[in-house]
């Protein structure tokens with residue numbers, strides 16, 4: 001059962017939300033009535049979705065930091081590389097973009113809240129806000145500064161707009177101080193915001 005999220009990038013005012021919410025309830029009720037799945041199935045799925053966090057994304061990044069060949073595969077085909085670790089991202093394309101000393105990547109969904117939920121859990125409120133969705137495209141450096149992320153003037157900032165069938169995740173730079181650390185130690189260094197690009201891992 002796919003997650004209940006409209007990705008058609010239409011209007012996002014209250015009327016459209018109410019319409020799609022009403023349609024979701026009607027279709028769900030009909031499917032339960034027809035015995036396609038039960039109310040308990042819906043509850044378990046929602047609970048599983050609510051219980052997700054960014055730990056899966058952190059695991060992917062830590063593995064890429066430790067295994068150069070895997071890192072190359074992750075950047076070439078994020079969906080397939082994640083599946084190597086036994087994770088599924090659903091019927092969509094996952095694109096992983098790498099931060100470097102010269103380039104910093106930031107992820108947004110300008111028209112709704114498309115987000116790699118299977119890897120990062122539910123999107124934070126600020127990611128869904130109109131202010132973030134509009135400002136990060138126009139003035140990404142200022143938005144990053146609001147998050148406490150100050151980048152040198154010579155670093156290029158690239159903003160990636162998620163779509164209905166494509167999600168982005170950032171591969172942060174590995175901090176030099178992490179040399180020799182285990183996968184578990186590396187995972188603890190990684191934050192959700194770093195995987196979206198609004199933070200860096202500097203220690």
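Scanning region 160-196 for residues that are in contact with a helix residue (DSSP H, G or I) (Cβ under 9 Å, 6 or more places away or on another chain), crowded, with 22+ Cβ neighbours inside 10 Å and under 13 Å from residue 116 (Cα atoms) yields 167, 168, 169, 170, 195, 196. Could you tell me how many of the residues in region 144-174 are part of a loop (DSSP other than H, G, I, E, B) and in contact with a strand residue (DSSP E or B) (Cβ under 9 Å, 6 or more places away or on another chain)? Looking only at that region, the number is 7.
Values in this text are rule-based calculations from the coordinates and carry no lab data. Everything quoted here is computed from the prediction, not taken from an experiment. Heads up, the Cβs are rebuilt from the backbone with ideal geometry, glycines too, and the neighbour counts pull from every protein chain shown.
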